[in-house]
Amino acid sequence: MKNFNKIFYLFGLFTVLVACNDAIDIDQPGRLDAEAAFKTVADLQSGLYGVYDRVDTSGEIAFSSIFTDELSIGFDNGGQGLADYAFVLNAGSTAPEVFWVGAYGAINAANRLIEAAQLVTPEADEQTQYNNILGQAYALRALGHLFLQNYFSTNYEDDNALGVIAMDFVPTIDQQLLRNTNGEVYGLIIADLDRANSLLDNDTSDPTFLNKDGILAMRAVTAAYRGNYTQAATFSQQLLDKYGLANRAEYEAMFLDTDNTEIIFKLERSVGDNYDGQGNTGSPEAGGWAGARFAFVDATLAGSPYFEMGRSLFNLIDPADIRYDVNVAPTSVIDPDYATNNDPALDILVIQKYPGSEGQPLMNDLKIFRSSEMLLIRAEAYADAGSFNGATNSTAALIKQLRDARFGTDTTLPVYASEAEAFAAILDERRVELAFEGHRYKDLKRLGSRANQGVNKDPIDCAFNGACTLPSTDYRFTLPLPIIEFNANPGLREQQNPGY
Amino acid sequence: MLTPLLVLCMSFSFSQEKTISGNVTDQSGLPLPGVAVVIVGTTTGTQTDFDGNYSISAQVGQVLRYTYLGQKTVIRTVGAASTINVQMEDDAEALQEVVVQGYRTSTKEKSSIASVTINAETIENRPNASFVQTLSGQVAGLNITTASGQPGAASQVNLRGVTSINGNTQPLYIIDGSPVDENNFRSLNPQDIASISVLKDAGATAIYGNRGANGVIVIKTRQGSYNTGLTVNYTGILSFSTLQDNDYNLMNSQEQLTLERDRGAGLGASLTDAEIDAYQTTDWADFFFDTGLIQNHTLSLSSGGDNSSQFTSFGYFDQEGILQDSDLKRFSIRNNTSGKSNNEKFNYSTNLTINYSESNEPNSIGSGAINRNYVLGAYISVPYISPDDYTNGADLLSPLVFSNTPLFLLDRLRTYTRKEDEVKVIGSLNAGYQLTDNLSANVTLSADYQSEFLTRAEAPDSFNALLFGGAANPTSGFQQQISTRQFSFNQVTSLNYVNTWGKHTLDAGAFTEYFKAHFRDFGFFARGLDPKTFYPGDDAGFVSDNSANDVFIDDANATIRNAGLFSYFGQADYDYDGRYGITGTIRRDASYRFAGSNKWATFYSVAGRWNIDNEVFMENSIFDVLKLRASYGTSGNQRISGATYFSAPDLTKNFFATGPGYAGINSIFLSQIANTTLKWETVTQTNVGLDFELFNNRLRGNVDGYIKETSDLFQSTPVSAINDVTELDANTGTLTNTGLDLTLRYNLINSVDDGLNLEIFALGNYNKQELGDLPSEDGELIGTGRNGGKLFEYYTIRYAGVNPANGNLLFLDADGNVTENPDADTDRVWIDKNIYPDFNGSFGLNLDYKGFFLQTQFNYTIGVDRFDNDLADFQDPDAIGQFRHSRDLFRVWTPDNRITDIPSFDAFNRSSFTSDRYLRNADYIRLRFASIGYNFPAKLLEGTGFSRLRIFGNAENLFTISEWRGFDAEALNNGSRIYPTPKTLSVGFEFGF
């Protein structure tokens, strides 16, 4: 029996030895819980870089250029983008999903930072930095809402129309919110811009972060989109006065990311960041180098361009214009008789807007606000006010000013027969000036009717699928709310945009 | 003081050595070949020959021991006589097949659980690197599919359907008491396996608690036996594997080029008839796939003394995959020992296996990367380009055209390295001490260690490096190495009580189990290689970062994860008179994964049996065995997300993380939103089964019905995008598998005299899935299924053929009306099809005649629907000029050919909608395995020194009957351009002495 006891104790000891909680109470290394995440102003600064990282327009560049008339299917296309290119757009399409989810992700990150900042008390010498962080967080929240409004609101000018869900707080996971009105959403955007403006300091030297000039640009764009041209004129003029226009050399350098003359705000893209890669080619999901929206390898003929420049856009650009040099790769194969030869293989227009930087082909900063856009907004305001002709203070004068800078010569002052013609000229100028920067879809939506223009591809680009034109009044110029949101928030189905 | 005296007192004598001979017979007087005859206390021994005769030299007074499996051991002392004939008696206890019950074993008669045991004979000598592939079709209810022909690839193993959506669906594997990583068997030598038991019902699996939800597979490796002389066995197998056939009916160069010319695309567009005729046809499938040679050598040594025995084996396996650049080489050693104390109170066994394998494993398989996926190159490369067109990577840069796909890949074959080296060690110690006659204490300690090195390198002069590096960077290319180590330790400590009184037998145990696992990895990704000094795996060619640009920045990575489980449990088994039995199990289980929410769980089961054949009224019935079983119980799945012990380790917490943010600047961002109600998934299973043997055991079989419900299913639950995510995983919903397992074996011809024996068998499983309580308003979740529907039921637009009027595609809208323009959202419907089979199993025969044997095993699967995306590639009109096509396109709609299944090449909606157009039935019958061979009779081997000699030939996947047009009907996979499993022919021989 003695022996038995001994062994029993031994057995017990074994059990106790291994029964320690080390098997079940395990903290994995390297975890940062919510309480410890933001304790100092430096933490908030790191958080701000996290919020900026959520802002990306590569998807917008892809979608706008494929869906409208900026590009054509390239000889090295392996099926990329064919649905968007044929105007197929529905609640299950990629663009509505990634735009909706992406923008709300950025807004959520901004809101988390704003809420975390309330719990951090800055030291006296940190107050400026703290204010700058908070100001940029509000500005980024405004930018997110503005982006959503641009794609999901049916009519920017109607404050009673449905906008998107206005989010100025961190939600709980069971919340199912419905759409706010445009008035409410724009109200939040303006309020955020006001808050940002009062918090930010006066340093506007670094265009890769949102500063007071960026706020002003956002105000100008918001006002112009809403048809509020009095405000738009004031804001855009202020920026135009301050930034002016780039000369031809500066303009070329701007797209190599070595000149910022014209740049009010751009998103920095650099080697090793989270966008350093091909991303999703041919899809609005994008997420990589801007130039990889058009080519797999680089912006030359040998760089496997799966999209080429649309012929109708190409025909609009004068080879003497610096914008020709910027947008058309020198390796392009140009067939002057393309209309008669009718062979896309003889006419290869390689897009060169994003040739690459820092030694990385196709990787370039994403330009969000440039002074030339401010000039064109100012031109819209003149046209809206009826002053579209004249050597000064008119649409025509501004268009001439822009062309002078781009051609490097004294160009003819245009004369417009009607307001529609003036708006058409603005739209054409925007098409060239802002090509492949994600503007065309929104521009057609808001200016198409006034300019009497819609999507208009050259026949050679749409012979294979028959999808050549799309009027700007088509329901597809407002994106549908995505199915993915309905799965969680079925009440929104009732608020789906018309046509879908 | 006594010892020296004793030695001194030993007497000397002349002892007489003589030759003893005799004959050994069984109970009925038939000769018994192969009986071990050993002189006790020596290593001298022999075996009886085919006629039961033996002869051995021994001294008078020595003791001979006669042992044979299933017979009682006989002892004889050598006396004056030189002939000793022995008649052996059946050993009723030993003849009973041992049934593994988890932590204990039982006899077949007294087992209350649903389980199947496969013996070595049915799994050995197969050319598969992983034994799991060999198990396919051998157990009713066990559905094993392999989606990759990569040597040693992991298989998908589902027992009685799938029980989890996001979590682990593979059974728990226990090798010699050690739970092991179920995704990695390529390093284990299947020839070492003695038996595999598959535990199916809750009665069997509840004792594994949190880990038993998907069933348990218990593997025992070979052991030596006590008191046997040295036995040496060698098996050598040589195999050839080739690509399985396809039915895509692909075009030759002339057809492809003519099609291109007609479409005005690609090379053909500018060629004349004569030029087209001049092109050769290259079938790139024959280039990227070729015959793979497999060698398999196993040498084993086993022996045993009075108190110890050992089994040692050495294995070498070398398999070339059928895909270029894929192979596996493995060296394995196993040593199993067992021993006991003189009083037999203490016994132990140790199992140790050390394995090293090296494998070339191409990546990007299944992807659409025309410069990386060799399989894509094999399938869709245009036939008019030939390997002779290749010069070097630089020449492929311009013009850069898709149709050069095979050359890009040929370049990659020459310049890309991807290799895995692995060391795997599994060791276990089982020890027990008999405290009293009824009570014993036992401990099992086991460890599984795995260390893997991945080396990847893209040479600087490769097409890919030049393509993406560009002229700006002539020293592009990269090298990556990752070291991954995984260690797990498991300990089970128990007290066991067994007692028999009268007609009652009680077997009870109390257990604790401790499990801890550690995962570590680290590695680097180096950009920039100098072609002058580059060699894969070496750093001589590394190019350093410089101030001019950031393209040579290297990355480093490292991970630490720890996981653990702790449990205590008890089991009691009671038998009355061999007629009735009941087994109860209860287990308390804690998992590290739920430490922040629901740390502890309880699982239990009750199982009972009635051995009807042992009842008095069954005497003289046709039934030799008739046993009714029933069980009910629960088991859990704590690996609810991802397949490993380490995935989703702390979902109960909110986390932020630091890392590169805007412009690569270090930043802080949200990385995880907490789920504070997280728990395990529970599988509740009811099983009723019948085991039967009739007509003098000629007809044998069992049938089991089950209902298996997974509750608290861990699955994606949609949340509004305003939360920064669109779904969070939560425990919600149920998944029920209801089904039937049936196994039948019948000895059609059973003759002792002329030696002809023929057994036929059939086994199968029917399984039906049903989802319930899905987390959405309307009970539907796209991608998962709908309430009352199948798991992963397809939800898509129905394709309705080609419009004869204009060649456009026709679809059905939600109401069943034909349309060319369905709504991509609202016209999708549930089509009551999914990828999992309704029926699967096998049938075949085993025949032997005087040493010749023939086995066949046909596997079948019914109810599998898969998307044939390879067919979609071969029929894609937008790829004309770039890739290869099927002759199906000859049937294209034209105004002159209006009734057809191929839409007009210009149909406006040809790529507008996702539909079921390419959904195909993938049911099949396949000759999964056939073997033919000859066992040389002992008579013929007399005087050769061999005790056993066998030659055989095997075939795997010899042919398949299926509507599926692709290369492999078996893969449970909706992807395309995947690596098919091969067809393999082998020859082998085995000898022993």
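The values are calculated or read from the model by the stated rules, or taken from the named source; none is laboratory data. All figures in this text were calculated on a predicted structure; none of them were measured in a lab. Virtual Cβ from ideal backbone geometry, glycine too; neighbours counted across all protein chains shown. Surface areas here come from the heavy atoms of the whole protein model, side chains and all, with no ligands, DNA or RNA. Shrake-Rupley method; radii C 1.70, N 1.55, O 1.52, S 1.80 Å.
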Count - residues of the stretch B:726-747 that are in a loop (DSSP other than H, G, I, E, B) and of a type outside the set (Ser, Thr, Tyr): 1
Residue satisfying all of: in the stretch B:748-799; hydrophobic (A, V, I, L, M, F, W, C) and not in a strand (DSSP E or B); surrounded by the most Cβ atoms within 10 Å (Cβ to Cβ) among these: B:LEU774
Members of the stretch B:659-672 found to be within 21 Å of A:TYR104 (Cα to Cα) and either at the interface with chain A (Cβ under 7 Å from one of its Cβ atoms) or crowded, with 17+ Cβ neighbours inside 10 Å (or both), listed by number: B:PRO660, B:GLY661, B:TYR662, B:ALA663, B:SER667, B:ILE668, B:PHE669, B:LEU670, B:GLN672
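Listed here are the residues, each with its yes/no results for (1) within 26 Å of B:ASP878 (Cα to Cα); (2) open to solvent by 60 Å² or more (accessible area, probe 1.4 Å).
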{"site": "B:GLY229", "(1), (2)": "no, no"}
{"site": "B:VAL232", "(1), (2)": "no, no"}
{"site": "B:THR235", "(1), (2)": "no, no"}
{"site": "B:SER241", "(1), (2)": "no, no"}
{"site": "B:MET251", "(1), (2)": "yes, no"}
{"site": "B:GLY264", "(1), (2)": "yes, no"}
{"site": "B:ALA278", "(1), (2)": "yes, yes"}
{"site": "B:PHE287", "(1), (2)": "yes, no"}
{"site": "B:THR291", "(1), (2)": "no, yes"}
Failed item, numbered, when A:GLN495 is tested on (1) within 14 Å of chain B (Cβ to nearest Cβ); (2) touching a helix residue (DSSP H, G or I) at 6+ places or on another chain (Cβ under 8 Å); (3) under 18 Å from A:GLY92 (Cβ atoms); (4) touching a residue at least 60 places away in the same chain (Cβ under 8 Å): (2)
Residue satisfying all of: in the stretch A:82-101; over 18 Å from B:ASN821 (Cα atoms) and open to solvent by less than 30 Å² (accessible area, probe 1.4 Å); farthest from the other protein chains (Cβ to nearest Cβ) among these: A:ALA95
Total residues in the stretch B:52-92, condition in a loop (DSSP other than H, G, I, E, B), open to solvent by 60 Å² or more (accessible area, probe 1.4 Å) and acidic (Asp, Glu): 1
Checklist (1) in a strand (DSSP E or B); (2) touching a Leu at 6+ places or on another chain (Cβ under 8 Å); (3) open to solvent by less than 50 Å² (accessible area, probe 1.4 Å) applied to B:ASN840, failing item: (2)
Members of the stretch A:446-464 found to be in contact with a helix residue (DSSP H, G or I) (Cβ under 7 Å, 6 or more places away or on another chain) and within 14 Å of chain B (Cβ to nearest Cβ), listed by number: A:ILE460
Matching residues, the stretch A:23-68, being more than 7 Å from every other protein chain (Cβ to nearest Cβ) and of a type in the set (Gly, Ala, Ser): A:GLY30, A:ALA36, A:ALA42, A:SER58, A:GLY59, A:ALA62, A:SER64, A:SER65
Pairs with Cβ under 7 Å, 6+ apart, first in the stretch A:164-190 and within 12 Å of chain B (Cβ to nearest Cβ), second of a type in the set (Lys, Arg): A:VAL164/A:ARG179; A:ILE165/A:ARG179; A:VAL170/A:ARG112
Test: residue in the stretch B:372-390 that is surrounded by fewer than 16 Cβ atoms within 10 Å (Cβ to Cβ), free of Cβ contacts under 8 Å to residues at least 24 places away in the same chain and within 14 Å of another protein chain (Cβ to nearest Cβ): no
Given (1) assigned to a strand (DSSP E or B); (2) within 32 Å of the chain's Cα centre (by Cα), index of the condition B:TYR645 fails: (1)
Positions within the stretch B:244-285 being within 19 Å of B:VAL401 (Cα to Cα), in contact with a strand residue (DSSP E or B) (Cβ under 7 Å, 6 or more places away or on another chain) and in a loop (DSSP other than H, G, I, E, B), in sequence order: B:ALA265, B:GLY266
Number of positions in the stretch B:592-608 that are open to solvent by less than 10 Å² (accessible area, probe 1.4 Å) and away from chain A (no Cβ under 14 Å): 3
Any helices (runs of 4 or more DSSP H) falling wholly within the stretch A:399-500 and containing at least 3 residues that are among the small types (Gly, Ala, Ser): A:419-433, A:440-451
Among residues of the stretch A:335-350, those that are in contact with a strand residue (DSSP E or B) (Cβ under 9 Å, 6 or more places away or on another chain) and open to solvent by less than 70 Å² (accessible area, probe 1.4 Å), counted: 6
Residue in the stretch A:247-262 that is open to solvent by 10 Å² or more (accessible area, probe 1.4 Å), of a type in the set (D, E, K, R) and within 11 Å of chain B (Cβ to nearest Cβ) present: no
Options B:ASP589, B:ASP613, B:ASP577: the member that is buried (at least 19 other Cβ atoms within 10 Å of the Cβ), more than 14 Å from chain A (Cβ to nearest Cβ) and within 27 Å of B:SER106 (Cβ to Cβ): B:ASP613
B:ILE113 being surrounded by fewer than 22 Cβ atoms within 10 Å (Cβ to Cβ) and either out of contact with any strand residue (DSSP E or B) (no Cβ under 6 Å at 6 or more places or on another chain) or over 30 Å from B:GLY975 (Cβ atoms) (or both): no
Qualifying positions in the stretch B:541-551 - surrounded by 13 or more Cβ atoms within 10 Å (Cβ to Cβ) and either at the interface with chain A (Cβ under 7 Å from one of its Cβ atoms) or without any contact (Cβ under 8 Å) to a residue 60 or more places away in the chain (or both): B:ASP545, B:ASN549, B:ASP550, B:VAL551
Which listed residue, of A:GLU429, A:GLU358, A:GLU421, is surrounded by fewer than 24 Cβ atoms within 10 Å (Cβ to Cβ) and within 14 Å of chain B (Cβ to nearest Cβ): A:GLU358
Criterion violated by B:GLY988 - all others in (1) farther than 30 Å from B:ALA872 by Cα; (2) in contact with a Gly (Cβ under 8 Å, 6 or more places away or on another chain); (3) not in a strand (DSSP E or B) satisfied: (3)
Selection status of A:ASP410, at negative phi, open to solvent by 20 Å² or more (accessible area, probe 1.4 Å) and touching a Ser or Thr at 6+ places or on another chain (Cβ under 6 Å): no
Residue within the stretch B:673-693 that is open to solvent by 40 Å² or more (accessible area, probe 1.4 Å), acidic (Asp, Glu) and not assigned by TED's automatic domain parsing to the domain that holds B:ASN214 present: no
Qualifying residue in the stretch B:464-472 (condition: in a loop (DSSP other than H, G, I, E, B) and modelled with pLDDT of 90 or more): no
Residue in the stretch B:111-132 that is among the hydroxyl-bearing types (Ser, Thr, Tyr) and over 30 Å from B:GLU182 (Cα atoms) present: no
